[in-house]
Structure formats: structure tokens, C-alpha cells
Amino acid sequence: MNKGAAPLAGRRVLDLSRVLAGPWCTMVLADLGAEVTKVEHPRGGDDTRHWGPPYTGGESAYYLCANRNKRSVALDISKPEGQRIVRDLAAQADVLVENYKLGGLEKFGLDYSSIAAINPRIVYCSISGYGRHSPIAERPGYDYVIQAEGGLMSVTGPVDGEPMKVGVAVADLFTGMAAAQAILAALIAADRDGAGQHLDMALYDCQLAMLANVGSAALVAGTEPRRYGNGHPTVVPYQLFDTLDGQVVVAVGNDAQFAAFATRLLDRPDLATDERFAKNGSRVANRDALLAEIMPLMRRHTTEWWLAGLRSVGVPTGAVRQVGEALAAPEATARDMVATVAHPSAGEVKLVASPLKLGRTPVVSPVAPPMLGQHSRTVLAELGYRADEIEALLETGVIA
């Protein structure tokens, strides 16, 4: 099969976002071939550049995770000259992504109405904590707060322990992915209708949507879901078990799998015929009684014994890996999920690669996240600024 250009080749994205949700969104677009120009303040740039350790080549691992395949322009948009440059970039852009506080760009004349007046086809995506049209629209959006307010922490953590946040900023990440999806849809609509639009993406909305079956259960049952630790609210047994020498995940997905598990591995065929446990609904209702039977039996054998046995009878299973182990696993290598790329100051860096696998129009090869202002001169020259004009902007601190 002949390989085609990346799906968004030729599209231009102006990235006025920082930290995670916005940069994650624009990185997805960059992976898909869009030319993403990241605008950062000359003094310090994106906050995440300083969220370390660890660092490599002066850049934080946090910043590196969300900014591959982009260009960086260090630009002070509080100055009229900086605002003019943003408008020049927006005039040529297909997409603009921003996550400023409510009214933050309006005072600079860079809000949707102002930009749409010079580029009616632009897809202008605003990402915020609670949405631009919300009774609390002025509040800043922080992933930790959103996980708390959006219900996720209430169902995460030990059964009898305190509510817990997820180990990565999933509200930010889910919002970034949802924003990328909305942008792709809006680009299709713009091609069809000849007009852009304003996208209003909220972390809170996306967190509620991410509750999935737990949110649906709360609406259907009218009761508050509770924490199950490493268990599952509606499937049993579906959790982490202690073994003779470690731990193993057992994910019994149906009654046939449970019968095979009980009969061939636990050597307890009576569990498969016991009316308390034969059907999943009954197992959920009698969770504690069943677990009291299973847990001592799981401790009789090693983790490797259970992994081999469970897989042999068709029950999904896996061991708990450390992050480094997961990234170094053969299945990660086979899928090219870790890339080593050249970096201006570090020499080379390792990055987690895009998970998007398109057969005919693959994502672009990863390029290291840019240094602050690495492309300021290049981008301004492309806009038609003369060398002396660029030097004057450097001298006055409008760009860096």
C-alpha cells in the first residue's frame, strides 16, 4: 500500500494554550500532520517547562510529554506588537486553541469574535475548567479540583480509605482528546460549509462524561456509587489478588470464564454451581462471601503460575508492572511506543510516541518538543517580517 501524507498535512494550528489539556490537544493535531505554532511568553514560557525534576537538557519531563512536533514562538501578547503578530498568525490558521481565563484574550482583541472577523473559517477552541457559558465560568480549571468536584475521586481509592485522585491528570488528558475530536469534526464542517465556529470545551463536562457506567448507574439507580478499591462495581471477580509471591489481576468477564476459573484453577467446581455465585448478578450480590473463598486459594501459587493458568483457560489476567517495565515491554517495543529523537540541548531524548496507527496516512515521525522561542525568527520571517523588524522586536522584548 502506498503511504499518503499525514491526515492534517497542510493545516495550520495556532496554539495559545499551556500546561496540559490544550497542549495535549494540539500535540494530537501535530502528530496527525498539522503545523502547530506554540505561542509562549518570552519569560519562562509554558508553566510545565519548570515542573520538575526530572529535567533533561534544561527541559522538564512534564513539558516534553505534551509538546512534540510543534514550533515555539516566544511572544509577549500583552504588547500591541505581540497582538498584531498573533492576528497575523490567526489570519493564516485553520485552528486556534486557547485556555486563558474568562476574558483573558478579549482584553487583547484576540477573542473568538475578533479573530473570526479576520478569518471567518477559523475553528477557535476554548478550553477551560467549567466552560465559557457557566455560572462559575470565571474559576480556573485544575485537574485535581475537577477530579474532586466531578465525582471521580469519590469512586477511586480503598473501600474504607479516603477518596483518591488518579495517578495522572486524566481530566486534562480526556479533555485534550475530546477537544481534538471536536476540532476534527469542526474542520470537516468548515470544509463543507465554508465557515468556522467557536468550540467551548470544559474539563468539568469531560470529567462527567468520563464517569461512563458509574455516572449512568448513579442516574439509573438514584443512589451514590461507592468505592470498590481494585474491585469492579458490577463484575465479580474482577480485581487484584495477592498471590504466593506478589499480585495478579483477575478479570472474569462472564459466567463461562468464572466456571473455568473455579473448576480448573481453583479446584472448586462447587463455586461454579453454587446459586450464590453461578451468575454474575449473584456474584455481585454475594461479593464478600465469594472473595472470602477465593482469596486464600489465590495465595497458594505464584504470580507466574496464575498468569499461565488463567491465560490457558481464557480468563483475562496481568501482573502489575512499574511504569518503566510497561514502557520497556516487548509489546511496547513492537508497537513503536517509545521513540528516541534528537534534541537541541539534551542531544537526544526518549518520548512516548503517538498511539494513533493509520495504515495509509500514518502520523508524522516524532520531533522533540521545541526550546522556548526556538522558531521565533523563522515564523516571523514566514509572515513577511523583515530582518530589521525582527531584530527590533527582539530588542524591545516583544519576542525572544
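The values are calculated or read from the model by the stated rules, or taken from the named source; none is laboratory data. In this text, all values refer to a predicted model and were calculated from it rather than measured experimentally. Cβ coordinates were reconstructed from backbone atoms using ideal geometry, including for glycine residues, and neighbour counts include every protein chain displayed. Ligands, DNA and RNA are excluded from the accessible area calculation, which covers all protein heavy atoms including side chains. Shrake-Rupley method; radii C 1.70, N 1.55, O 1.52, S 1.80 Å.
I need a count of the residues in region 227-245 that are within 24 Å of G151 (Cβ to Cβ) and not in a loop (DSSP other than H, G, I, E, B). Final tally of qualifying residues: 3. Filtering region 185-226 to residues that are surrounded by 18 or more Cβ atoms within 10 Å (Cβ to Cβ), more than 14 Å from V170 (Cβ to Cβ) and of a type in the set (A, V, I, L, M) leaves A186, L187, A190, L199, M201, A202.
Just to verify a result, which residue in region 281-293, among those that are open to solvent by 40 Å² or more (accessible area, probe 1.4 Å) and either among the polar types (S, T, N, Q) or in contact (Cβ under 8 Å) with a residue 24 or more places away in the chain (or both), is farthest from P233 (Cα to Cα)? Residue satisfying both the conditions and the ranking: E293. Quick one: would you say N230 is within 30 Å of L297 (Cβ to Cβ), surrounded by fewer than 18 Cβ atoms within 10 Å (Cβ to Cβ), among the polar types (S, T, N, Q) and under 20 Å from the mean Cα position of the chain (by Cα)? The answer is no for N230.
For M164, the requirement of being at pLDDT 95 or above and either open to solvent by 60 Å² or more (accessible area, probe 1.4 Å) or within 30 Å of L240 (Cα to Cα) (or both) is met. In region 155-178 there is at least one residue matching the filter, namely being under 20 Å from A30 (Cβ atoms) and of a type in the set (S, T, N, Q). Selection of region 46-83 for residues being of a type in the set (D, E) and open to solvent by less than 50 Å² (accessible area, probe 1.4 Å) yields D46, E59, D76.
Within region 148-169, the set of residues being more than 18 Å from G229 (Cβ to Cβ) and either touching a His at 6+ places or on another chain (Cβ under 6 Å) or in a helix (DSSP H, G or I) (or both) comprises A148, E149.
Residues checked against (1) open to solvent by 70 Å² or more (accessible area, probe 1.4 Å); (2) over 27 Å from Y62 (Cβ atoms); (3) polar (S, T, N, Q); (4) at pLDDT below 95:
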{"residue": "M295", "(1), (2), (3), (4)": "no, yes, no, no"}
{"residue": "E304", "(1), (2), (3), (4)": "yes, yes, no, no"}
{"residue": "T333", "(1), (2), (3), (4)": "yes, no, yes, no"}
{"residue": "H343", "(1), (2), (3), (4)": "no, no, no, no"}
{"residue": "S354", "(1), (2), (3), (4)": "no, no, yes, no"}
{"residue": "M371", "(1), (2), (3), (4)": "no, no, no, no"}
